[in-house]
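The values are calculated or read from the model by the stated rules, or taken from the named source; none is laboratory data. Please read all numbers here as calculations on a predicted model, not as lab measurements. No Cβ is skipped: glycine too gets one built from the backbone with ideal geometry, and neighbour counts run over all protein chains shown. Note: accessible area is taken over every heavy atom of the protein model, side chains too, but ligands, DNA and RNA are not part of it. Shrake-Rupley method; radii C 1.70, N 1.55, O 1.52, S 1.80 Å.
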Amino acid sequence: MPYLLARMSILLLRSHVGRLAVGGLLILGGIIYGLSSHHVNYVSVPQGKYHVTAMTDGTYGFVLDGTDTYYIIHPSDFNPVPDDNAFKSTDGIGEVLYKDEDPQSFVMHNDDGTQVNSQGLTVVSFTLTSSKEQKEYRFTTSDYLIHPDGFDDNRWPIGALVAILGLGLLSFFLMWPAMQARRQQKHNRAFMPVGPQPVTGAPLFAPSAVPYAPPPAVPEPGQEWRN
């Protein structure tokens, strides 16, 4: 996919219309991204029986039996950091809160070799209980501790930067033909000879004019010249 996007970008940049389209798409993309700003809330997972699944990328997922939605835990984001011992030493899952955002699609690989198209939501807080120790262990992210009531996801700084970049490129590409024509005129003027130009069809070098001197007169027989 990245290779295909790179090839399409190169093809677009080779033509004037394509370059204008790239600038316009950047402007439109920046505006759309900025308009996607929203307030992020935290939501509790639905009631039911959950079990923990260890992912191949080092994350963990709470999954409700009979569903394909995983509530993903990124251990490095939590304090304290949950590990395999934390999940094995407890026998219950308490409250689980996740970001109320659009779920991310991914492919879940099962132990029997089958694959399932699943969805993932990011967990920000959860508790594990131990009936043996009569304790409850709570794990939270720093974002949740700072903003326990949610936060505003303002995407306008990045969106505005992308839109401004697109506007600059669009302006440059619009002026590019005029800049090329001006450069060509300067190039032609630099090689243009100075001074009057020879007339087409006329010899480049005119023969030098020699004054005409008539031959000396010779007297006819019987005539005599006198001075």
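Table for the structure above
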quantity	calculated
Residues of region 103-124 satisfying the condition of being open to solvent by less than 70 Å² (accessible area, probe 1.4 Å), of a type outside the set (A, V, I, L, M), within 20 Å of residue 42 (Cα to Cα) and assigned to a strand (DSSP E or B)	120, 122
Matching residues in region 23-44 - criterion: being among the hydrophobic types (A, V, I, L, M, F, W, C), open to solvent by less than 70 Å² (accessible area, probe 1.4 Å) and either over 22 Å from residue 123 (Cβ atoms) or modelled with pLDDT of 90 or more (or both)	26, 27, 43
Any hit, region 138-156, residues being in a strand (DSSP E or B), farther than 21 Å from residue 43 by Cβ and not small (Gly, Ala, Ser)	no
Residues of region 131-186 satisfying the condition of being of a type in the set (A, V, I, L, M) and open to solvent by 70 Å² or more (accessible area, probe 1.4 Å)	145, 146, 158, 161, 164, 165, 167, 174, 175
Any hit, region 4-14, residues being aliphatic (A, V, I, L, M), open to solvent by less than 40 Å² (accessible area, probe 1.4 Å) and modelled with pLDDT under 85	no
Subset of region 55-85 that is surrounded by 13 or more Cβ atoms within 10 Å (Cβ to Cβ) and farther than 20 Å from residue 143 by Cβ - its residue that is modelled with the lowest pLDDT	55
Some residue of region 95-102 being more than 39 Å from the chain's Cα centre (by Cα), open to solvent by 70 Å² or more (accessible area, probe 1.4 Å) and without any contact (Cβ under 8 Å) to a residue 24 or more places away in the chain	no
Test: residue in region 203-216 that is among the hydrophobic types (A, V, I, L, M, F, W, C) and modelled with pLDDT of 85 or more	no
Scope region 120-137; condition of a type outside the set (A, V, I, L, M) and touching a Leu at 6+ places or on another chain (Cβ under 8 Å); matching residues	125, 126, 136, 137
